[in-house]
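Novice: My questions will all concern the structure given below.
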């Protein structure tokens, strides 16, 4: 039984010792610890730490431990923090439209134990991928979106996320722009952009890439924010393309990059490795 | 003794047979041939071919061969073409400012036989790299540039390029923007941009990359055109960076990418592998 | 309607012109052509060529064209050759055991049009992946293998391959060693080895890799031959691993490499791009 | 003013807290900390930690600090440890034969501040690279080696290493096998092997790679041990090669990989990031 703490605060001397000391004093073994001091943080140097601790034989309730951490560490250091427990399985909603590759990939990795989560439901603005969701026995909801129904459908989606106790939303090639209202109300949202951001923002990035004649194409997984394609980047990768590949070939090559990049980003999130600092991510 | 022909024309049936037939009829063996038909060319489908032929025992003068090729092939097919001979060593001018890595790299590769060329001269707007040029016994000229002297200095550079019979200009981190006048009058110019174009155009791309929090940085070698950082891309590559790397670390990591990318681009040009189609390059 | 010719012969002058001339004389347009002369071939320099020609308006039957090619080109040049037609869809058998990732991947790519083939059947020595095959509506046959039944079961597999008109066998993590008898009687067999050959031959390559402390792991797709893990390599790739990854993590990271490498190899084979020269492959 | 501690010991609870507490109690700020518990270590789970601490305003002498660390931490935990100080510049000897690329690369990176070290001397069994060493103003010693003089010359080399206070020996394509005696007596030795170990051990790895028809070639930096090409691997990388590249081309492509891999390994060693565990390295 393990718990993973994520902590960040303005930098000051002695933070590693203080955080690790907190657990040591309580007889809690630190299984894994990593930290980073970011000299370029927006409000001055900032400290980030990830601590995995062993709670097999806890001396106190989780509530007590959390309350003690808040009082002894977070408050005096003006820190922000969160904790996740290994026996609480994160619940993920996958949003799709028509392209199946990322959905298959996530469902398959989950089956193979690569992603420690439950896939709570698959939401789509289109019925195309019902068969795929069915084959993995995942609840599938269609919520078609038009300009008129967008607000209403997003509201229904928020309700579905709530009903299914969703902790993370993954946009696996969901071809609708989500409103700021939705993004504020929803759990964290990870998006896969099929371009090497910030190079090719907006629509049809592979066509843009082909026209520009680039020699590498890429994909970018990032947290979705109200500013389209501007959220903090979690993971990126590229693949080499040749002059004899047309836009369709780029789509094909890109698909492999997309799904690997998205899976890595979702995995890092589920393992509680990511801290956001302004427009950047710290991946511990 | 070999010659390398580069040819392009509007696409039509029978072009491979026609070009290879031209040499076969003259008893000239084709050592290497590659071609590409580009469906996305600006004026409709376009054919590109590179032919390396053996001229060890030529049946005619080069002038006669060229003239026959023009009449029998290029004119009837509305093609554009060029030819290079293995015993005419291309002459390269390297333009630098203060950063030595690319200059060292090119000089060293030339010494090791990786780049088949003579380095005719090194031109700089700064005296910093004189020692490096000296150590490879390369002629070094300093032409400091201010806003007032730019036009005049560019003129002097054009004269130096002419005097030294330069066939290719390489901007190896030359930190001045060249005028349209210069670029029109000079031989082809290859530039290394220390960013993964089109992502980070303009100045300080590594700082831009750091601020944006990208997970990969890159470099781009392209032909310089009057539109800054917009010329046809020849080669690109990337390197992975981590959240704990500041802008200076990105510069360091990027330097390795830059010099490898630049060397590959220069090599491809010297081997006569590159054909330009609009804003893209075909690398045969 | 296109046909793809693969040809190889001892090298001599004029081969490109001769092959392309053969089609030109018959009014057949060459859509794509590439060739390579291998100076390191076992019996002296050898010429390899791939020609894609347009047969939309054929002037003769295929039989006549093939017979003419044999007489005019292959026989006088002592060449070996083959031809495939775009309207004859290659039929593939996939052999699996318990691991689903490669099977899913191939089935999915086939659905998405990335692999131009029919998956004729899935054969397995284990029932585990029946559900996966079913979900793609692929015929699934279980042929459990013990030391005593191996010969007999291989015979049944050969019959199944014949009944289903299989042109290519793909070992998608099939955990049995196939006999020389089977490999001789079967169509070409592509295997994915979960190691960066020739580094980690034999069983448990990821465990071997972990013990040796390598910093990159890889996968290798090759034609299966009687000499285990020694067949001609078609494609390889690697992924970076860190010291904190145990053998299980290497398996997970490796799985992504395996399926991409296998898919690329199968695709290259289906597009008729591969020629074998001794222990090496020429991929045109 | 910083100091970097490397520590390893059998694993037990509380180690992170104990090590960080040691410095905290003494008012010494931890600038950077990373640790790893290796479940696969030879003698059971083992703990590794790297701590960078700030000694700008030391409360004690270095000798006292080291002695306290030994008594309070290393001895009771049966740990092994070492410490380096930022104001003590490591001194490196580079051993070469005839190939200049790695020597140039290391000298250049040192000049550019990428490698924090002094290059104390260049030793060679051949005079070829004297000019390169001269151009960077590095002491250059020639010690030709024959079967008869090997023992004697190695002895002279050990004396030179001692005279020049060398902390690290880098074999930058030094084409002699060093005796066990030398390796035991010398400071740590990093070697660059021009193959993707363990794939192509021994001589002429690029020729071996070409014969085997691999699609990627690589280079491996490792600590030299008495078992040739078997030492703990520090860093590896690969580059893609094509069927049309002969052994000479592989040498050329490989050279770029070699120098980058060697530079990364030397840098990691100089930054005190490497701990050896059996045949593996932990790079913190």
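Every number in this text was worked out from the coordinates using simple rules, so none of it is lab data. Since the structure is predicted, the reported quantities are computational estimates derived from the model, not experimental observations. Glycine gets a Cβ as well: all are built from the backbone with ideal geometry, and neighbour counts include every protein chain shown.
Novice: Between residue D:130 and the same site in the other copies, what are the distances in nm, shortest first, taking label points 7 Å from Cα along the C-beta direction?
Specialist: For residue D:130, the inter-copy label distances come out at 2.8, 8.0, 8.4 nm.
Novice: Right, here's the next one. Say each of residue D:25 and residue C:67 gets a label point 7 Å from the Cα, pointing the same way as Cα to Cβ; how far apart are those two points in nm?
Specialist: Spacing of the two 7 Å Cα→Cβ label points: 9.7 nm.
Novice: Same structure, new question: Based on C-alpha coordinates, I'd like the Rg and Dmax of segment B:39-117, in Å.
Specialist: In order Rg, Dmax, the Cα atoms of segment B:39-117 give 18.4, 50 Å.
Novice: Measuring from label point to label point, each 7 Å out along Cα→Cβ, what is the residue D:249 to residue C:245 span in nm?
Specialist: My value for the distance between the label points is 3.0 nm.
Novice: Continuing with the same structure: In percent, what relative contact order does segment D:2-85 have, based on Cα pairs under 8 Å that are 6 or more apart in sequence?
Specialist: Here the relative contact order equals 47 percent.
Novice: Using the Kirkwood radius over C-alpha pairs as Rh, can you work out the diffusion coefficient of the protein assembly as shown via Stokes-Einstein at 20 °C, viscosity 1.002 mPa s, in µm² per second?
Specialist: Here the translational diffusion coefficient equals 66 µm²/s.
Novice: Using r as the Cβ-Cβ distance of residue C:112 and residue A:185, and R0 as 45 Å, what FRET efficiency do you calculate, to the nearest 0.05?
Specialist: Computed FRET efficiency for residue C:112 and residue A:185 comes out at 0.85.
Novice: Is segment C:2-85 rounded, prolate or oblate when judged by the Cα gyration tensor, a ≥ b ≥ c being the square roots of its eigenvalues, rounded requiring a/c under 1.5 and prolate requiring a/b larger than b/c?
Specialist: Prolate.
Novice: For residue B:70, place a label point 7 Å out from Cα along the Cα→Cβ vector, do the same in each other copy, and report the separations in nm, one decimal, smallest first.
Specialist: 4.8, 8.5, 8.6
Novice: Additional query: Decide, for segment A:91-283, between rounded, prolate and oblate: order the square roots of the alpha carbon gyration tensor eigenvalues as a ≥ b ≥ c, take rounded if a/c falls under 1.5, and otherwise choose prolate if a/b is larger than b/c, else oblate.
Specialist: Rounded shape, in that the Cα axes give a/c under 1.5.
Novice: Separate question: Where the centre of each part is set by its Cα atoms, how far does segment D:1-79 sit from segment B:6-80, in angstrom?
Specialist: 70
Novice: In a Gaussian network model over chain D where Cα atoms closer than 10 Å are linked, find which of D:232, D:13, D:205 has the largest mean-square fluctuation.
Specialist: Most flexible of the set in this elastic network: D:13.
Novice: What residues from segment B:249-284 fall in the zone where the backbone N is under 18 Å from a label point 7 Å along the Cα-to-C-beta line of residue D:135?
Specialist: B:259-260, B:263
Novice: In a GNM of chain A with a 10 Å cut-off on Cα contacts, which of A:260, A:170, A:16 has the highest mean-square fluctuation?
Specialist: Top of the fluctuation ranking is A:16.
Novice: Separate question: State, to one decimal in nm and shortest first, how far the label point of residue B:226 sits from each corresponding label point in the other identical copies (label point: 7 angstrom along Cα-to-Cβ).
Specialist: Its label point is 4.3, 7.0, 7.2 nm from the equivalent points in the other copies.
Novice: Continuing with this model, one more query. I'd like the Kirkwood hydrodynamic radius of segment B:115-165, using the inverse of the mean 1/r over distinct C-alpha pairs, in Å.
Specialist: 11.8
Novice: Rounded to the nearest Å, what's the spacing between the alpha carbon centres of segment D:232-284 and segment C:191-242? Just the number, please.
Specialist: Here the two parts' Cα centres lie 18 Å apart.
Novice: Most fluctuating residue of B:177, B:190, B:28 in a GNM of chain B with Cα springs under 10 Å: which is it?
Specialist: Per the Cα network of chain B with a 10 Å cutoff, B:177 tops the list.
Novice: Report the relative contact order of chain A, percent, no decimals, based on alpha-carbon pairs under 8 angstrom and at least 6 residues apart.
Specialist: Reported as a whole number, the value is 16 percent.
Novice: On the rotation axis linking copies C and D, which residue of C comes nearest by its Cβ, and by how many whole Å?
Specialist: That would be C:199, 2, residue then distance in Å.
Novice: So if R0 is 45 Å, what FRET efficiency would residue D:98 and residue B:226 give, r being the distance between their Cβ atoms, rounded to the nearest 0.05?
Specialist: With R0 = 45 Å, the Cβ-Cβ based efficiency is 0.50.
Novice: Considering only C-alpha atoms, what is the centroid distance from segment C:122-175 to segment B:101-127, in Å?
Specialist: The two parts, judged by their Cα centres, are 59 Å apart.
Novice: Mind running the shape call on segment D:93-182? Use the C-alpha gyration tensor, a ≥ b ≥ c as the square roots of the eigenvalues: rounded below 1.5 for a/c, prolate if a/b tops b/c, oblate otherwise.
Specialist: The shape class here is prolate.
Novice: What number, rounded to the nearest 500 deg cm²/dmol, is the helix-based mean residue ellipticity at 222 nm of chain C, given -39500 (n - 2.57) per DSSP H run of at least four residues and division by all its residues?
Specialist: After summing the helix terms and dividing by residue count, I get -9500 deg cm²/dmol.
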